[in-house]
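Encoded as structure tokens, the structure appears first; notes follow it.
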Amino acid sequence: MSIDKPVVKPGKPWASTPKERAIDLGAILLAAFGSFALVALSELKGKLAYAGVFLLLIIVINFIHNYLSRGIASAKDSIASSFAVAGVLITLLPITSILFAVFERGKAGLKPNLFTTDMKLNGPNDPIDQGGLLHALTGSGIMVGIALIISLPIGILTAIYLTEIKGLFTRPIRFLVQAMSGVPSIVAGLFILSAIVFPITKTPSGLMGGLALAILMIPTIARTSEEVLLLIPEDLREAGIALGGTQWRTISQIVVPAAKSGLITAIILGVARVAGETAPLVLVSGGGDALNLDPTSGPMGSFPFYIWKAFTFGTNESIDRAWAGILVLLILVFILFFATRLVGADRNKK
Amino acid sequence: MSNSEAQDPLDKGNEKMETTTPSSLSSVAANAAAKRKPGSGALGVGLEARGIHAWFGDKMVLKDISLDFWSGTVTALIGPSGCGKSTFIRTLNRMHEFIPGAAMAGDVLLNGKDIYESGTDVTKIRLKVGMVFQKPNPFPSMTIADNVLAGLKLAQLKVQNKDDLLEECLVRAGLWAEVKDRLSAYGGSLSGGQQQRLCIARSLAVRPEILLMDEPCSALDPGSTLKIEETISELSSTMTIIIVTHNMQQAARVSDYTGFFLSDGGPGELIEVGPTSEIFSRPKDVRTENYVTGRFG
Ligand SMILES: Nc1ncnc2c1ncn2[C@@H]1O[C@H](COP(=O)(O)OP(=O)(O)O)[C@@H](O)[C@H]1O
Ligand SMILES: [Mg+2]
């Protein structure tokens, strides 16, 4: 007996057939050819012209193809999705070219000594294998850390006040937070300078830098956290209260944990807001070239300051140095971003 | 609804009287038969609502509701949407005051003591009067086990053996068999019906005397609804249950008493209350009859 049951294999009947893929490829080739032809025949010039013409042609070809094969509704749909894709590409273009440029120009300076020494004994136009940015690395870390220690509780507690406790001062505080998030960073620096450095400490220090960054960080964390807490359904608060929880325990054990991944995003945004701030640090942290791990006394270096100083020198070596600094800063921000994403990954998502 | 269907709750009620704590339940029946007038003096046990009025802002949504819930009974509250059933049961565990702009008047006596008396610890009241909401709302950041025990942490209660309590609550909520191998999975990974039973288990963990259920099955499929009704029947031997429902059959199946609420555009009022079989077979008020027979609402 050989009535073999046909083996059923999982398939994707909705996937595009080889013919459809060939047509897609043809459209791309046609658009590429068209863009070369148009650029050659017309006044248009440069890479951007190629890219622009190519995008336009792809959209038109897709539209015509969809119109002929599936009708006007499908053709309109293809226009909308083409524009969405074009939007993504236009957004990605500058980002990737920045990343590419930073990597290309920064990798020359990426030597081990970069992470083990400071610039105490070297000028920016010394050879790239002398001196380093250890002082900037530690300085930025310490100052952003100080800012975070101050801003995290204040920012999140402010958000909790605005969304959960909703007291008499909700409106004025929300207004103030919004106004503060628009404050130019130099104003934060000037404020610390005139409120603390001139009258009290007399000298710049890492702590002052951290305070200035905190002024910039608090509104970012508070506003983002507020948005996140507002998304938590009222049901959960009611369930916590109905189980005999006090308001505070309901907030701390249910609302905040439910908002955890969003609150982590708020923190990332806060750090990202200040990590590259130059102006306030130039004013109040003194911008040292030597390794200084003590935030309470003496000037403290930072990435933005290091990069700014190296660029202003203008020699080949110093510019290499600046690019290396940018590359390291970028890598650090990425590491931070992915690490916090991992920690805060929503465990409910499977 | 036909007469034979309406007999069901009565039969069920009789059955129960034979199988569970007969003395208390037959005294309940005797009380009901006596048609005690609510407000004629503290009963001293169970939950008594006296002259409850409720407002949202300037709008009065409940007018003079007096209703007694004897220990160990299941009371169904029925009535069209917007007549104030949810508002009423939320006055019973002081969740009403959680809504900004809410106001109320009247007394709610729990075992003879007014829960609105000044100086009352409101969190203790909510421990004794638990609540299950219309939409299942397990805590998303917690596992199934943590969800069940969440009330202990929230109210800072100590228990001897958490594992025993966990199992007991899940068994009583009729969920143990389905989740015993995945207690550390997240609550959100359960189906809607399972989530609702998880929420029931969560309410049971703090050992309430009274359980308020606000349309607990309205978001669920018929199978899950049936399971929850079984759970209610199980629980009713040890606690007082007040359930709001839009499902007449459900009211008939699970409850000993039924109260009918109605609002004619103004505040909601209690039209009629009595043993479930009577409300469904020979209601005194024509409006109740119209509603339970499906002629309006
Ligand atoms: N949070 C609220 N704010 C203002 N009015 C409300 C609120 N909740 C309910 N109401 C009003 O109170 C009345 C009773 O509502 P509710 O108790 O939810 O009725 P039911 O549960 O019987 O459907 C309705 O008219 C409703 O519009
Ligand atoms: Mg309701």
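In this structure, does B:Lys85 turn out to be farther than 28 Å from B:Ser277 by Cα and either at pLDDT below 90 or among the basic types (Lys, Arg) (or both)?
When the stated conditions are applied, B:Lys85 does not pass them.
What number of residues in segment B:48-90 are basic (Lys, Arg) and more than 8 Å from ligand 1 (Cβ to nearest atom)?
2
Only one residue in B:Ala177, B:Ala201 is closer than 21 Å to B:Gly151 by Cβ and either polar (S, T, N, Q) or more than 16 Å from ligand 1 (Cβ to nearest atom) (or both), so which one is that?
On inspection, the qualifying residue turns out to be B:Ala201.
If we scan segment B:241-248, do we find a residue that is within 22 Å of B:Gly130 (Cβ to Cβ), more than 14 Å from every other protein chain (Cβ to nearest Cβ) and more than 18 Å from the chain's Cα centre (by Cα)?
No, that holds for no residue.
Scan segment A:193-231 for residues that are within 14 Å of chain B (Cβ to nearest Cβ) and either buried (at least 20 other Cβ atoms within 10 Å of the Cβ) or polar (S, T, N, Q) (or both) and report the count.
Qualifying residue count, segment A:193-231: 2.
Among the numbered criteria (1) under 21 Å from B:Leu62 (Cα atoms); (2) within 16 Å of ligand 2 (Cβ to nearest atom), which one does B:Ala219 miss?
(1)
Is it the case that B:Asn93 is within 16 Å of ligand 1 (Cβ to nearest atom) and either buried (at least 22 other Cβ atoms within 10 Å of the Cβ) or on the phi > 0 side of the Ramachandran plot (or both)?
Judged against the criteria, B:Asn93 is a match.
Working carefully through the options B:Gly101, B:Gly112, B:Gly151, find the one that is within 14 Å of chain A (Cβ to nearest Cβ), among the small types (Gly, Ala, Ser) and surrounded by fewer than 17 Cβ atoms within 10 Å (Cβ to Cβ).
B:Gly101
Determine, yes or no, whether B:Ser71 is away from chain A (no Cβ under 14 Å), surrounded by fewer than 24 Cβ atoms within 10 Å (Cβ to Cβ) and under 13 Å from the mean Cα position of the chain (by Cα).
yes
State whether the residues of segment B:134-143 include one that is within 14 Å of chain A (Cβ to nearest Cβ), buried (at least 17 other Cβ atoms within 10 Å of the Cβ) and either more than 18 Å from A:Leu243 (Cα to Cα) or among the aromatic types (Phe, Trp, Tyr) (or both).
Scanning segment B:134-143, I find at least one residue that is within 14 Å of chain A (Cβ to nearest Cβ), buried (at least 17 other Cβ atoms within 10 Å of the Cβ) and either more than 18 Å from A:Leu243 (Cα to Cα) or among the aromatic types (Phe, Trp, Tyr) (or both), so the answer is yes.
Only one of B:Val132, B:Val122, B:Val148, B:Val61 is closer than 20 Å to B:Val206 by Cα and touching a Pro at 6+ places or on another chain (Cβ under 6 Å); which?
B:Val132
Kindly indicate whether B:Gly259 is within 15 Å of ligand 2 (Cβ to nearest atom), more than 24 Å from B:Ser191 (Cα to Cα) and more than 14 Å from chain A (Cβ to nearest Cβ).
yes
Looking at (1) away from every other protein chain (no Cβ under 14 Å); (2) of a type outside the set (Phe, Trp, Tyr); (3) assigned to a helix (DSSP H, G or I), find the lone condition where A:Leu291 falls short.
(3)
Take the residues in segment B:185-218 that are part of a loop (DSSP other than H, G, I, E, B) and within 11 Å of another protein chain (Cβ to nearest Cβ), then tell me which one is nearest to B:Asn247 (Cα to Cα).
Ranking the qualifying residues of segment B:185-218, first place goes to B:Pro208.
The values are calculated or read from the model by the stated rules, or taken from the named source; none is laboratory data. Source: prediction; values computed, not measured. Virtual Cβ from ideal backbone geometry, glycine too; neighbours counted across all protein chains shown.
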